[in-house]
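The values are calculated or read from the model by the stated rules, or taken from the named source; none is laboratory data. Fair warning: this is a prediction, and the values are worked out from it, not measured in the lab. Methodologically, a virtual Cβ is constructed for each residue, glycine included, from the backbone with ideal geometry; neighbour enumeration extends over all protein chains shown. Note: areas computed on protein heavy atoms with side chains; ligands, DNA, RNA excluded. Shrake-Rupley method; radii C 1.70, N 1.55, O 1.52, S 1.80 Å.
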Amino acid sequence: MGGCGSVPTVAGEVVNEPLPEDTEEQLSTGDGTLEFSGRKMARLPASICTLTDQLYKLYLSGTMVSEIPDDLYQLHNLRTLALDANKLPELPEAVCSLPHLGRLYLGANRLQGLPPSFARLQTLRTLWIERNFLHHFPRVLLNLPALRCLQMGDNRLKSLPGDIATCMPGLRGLWLYGNRLEHVPKVLLRLHDLEILDLDKNKIAVFPDMSGMKGLRLLSYDHNPVNAPPKVRETVTLVGEGAQEFMEEREERRKQIEEEEMEQREREQEEEAQKAEEVAEGEGEGEQEEEYEEQVEEKENHHTDYYSGDQEEDYYPDEEGYYKDEEEEGYYPSEGENYYVRGIY
């Protein structure tokens, strides 16, 4: 295929084809997106390379484009490129020159591999290359440590390279549905940070213990000849035959465990409250005893003070003035009044 910058010529001169009429209108929104999907164009006009600072996302899905200008690398702000559903037999080299590409969609083409220059896409984080003709895992992908999501469904893969776990430790999502896997590649068990794994529509009859995959959140195993759901961690959502019943039972067990733990916590709280109450009661009794002792002591002190030496001296003066208080008016009772009734004695 041509590609690599081929453009029509007239008498040896390059003809700069204009971009579609609505290009300026689309870019006027300010989000840097051009959507040409579904429009039939055999080649991408070279004039697109002049949009150096403006273009961030370019969608060419189902356009039947087969030629990409060599100067595509000038689109240094391009982050997303969609070339899916174009029946490309190979990837245009110009795509591999984009310096900051983060998402690349190549699904539904006729690709059997990827060129060595693909390793230059060091900023690539998402690659969709499903529905192609890949018989082997492209080893050039092992040179892309930044890759997070790899969609490889509906290909012809039978195995994975053993060093994928060490070369691509950052993988978070891996779609391998519709391939020809007869067993789960052991290397998958070492992808500890993998969160999504889709093994649907393969030929896997036995699944290993996958509970060691600590980061796994979703596992699809449907349409495989298995007899029971794979063994995974309690937090993993399963998709496949028998998964619904399995997860319902697991949920019931989880709820039961939570209820038992809650009851245990309530019992412990009640015991702690009871102990605190007993301690408080003990402290209260101690305070009452201290208060009682203080009151007794106060009474004793009061009794001692009442009959202090000074008071005795005042109450019992010398012989000459001993009875002087008795002569005060009102001291003696009126006639017929009993001393004891008045409480004098």
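Observations
- Exceedance of the 27 Å cut-off in Cα-Cα distance is limited, within the set 201/231; 57/158; 231/255; 87/201; 158/231; 57/87, to 57/158.
- Straightening the chain between residue 93 and residue 227 buys 43.7 nm, computed as 0.36 nm per residue apart minus the Cα-Cα spacing.
- Between residue 235 and residue 203, the contour length at 0.36 nm per residue exceeds the Cα-Cα span by 9.0 nm.
- In the complete set of protein chains, residue-level accessible area for residue 245 is approximately 110 Å², probe 1.4 angstrom.
- Note on residue 268 and residue 190: their simple-model spin labels are 4.0 nm apart, each label 7 Å out from Cα toward Cβ.
- Largest accessible area first, the residues 204, 196 order themselves as 196, 204 under a 1.4 Å probe with ligands, DNA and RNA left out.
- To the nearest 10, the accessible area of residue 52 is 40 Å² with a 1.4 Å probe.
- The residues packed around residue 103, meaning those with a beta-carbon under 9 Å from its beta-carbon, carry a net charge of +3 if Lys and Arg are +1 and Asp and Glu are -1.
- Ligands, DNA and RNA excluded, the heavy atoms of residue 192 present near 100 Å² of accessible surface to a 1.4 Å solvent probe.
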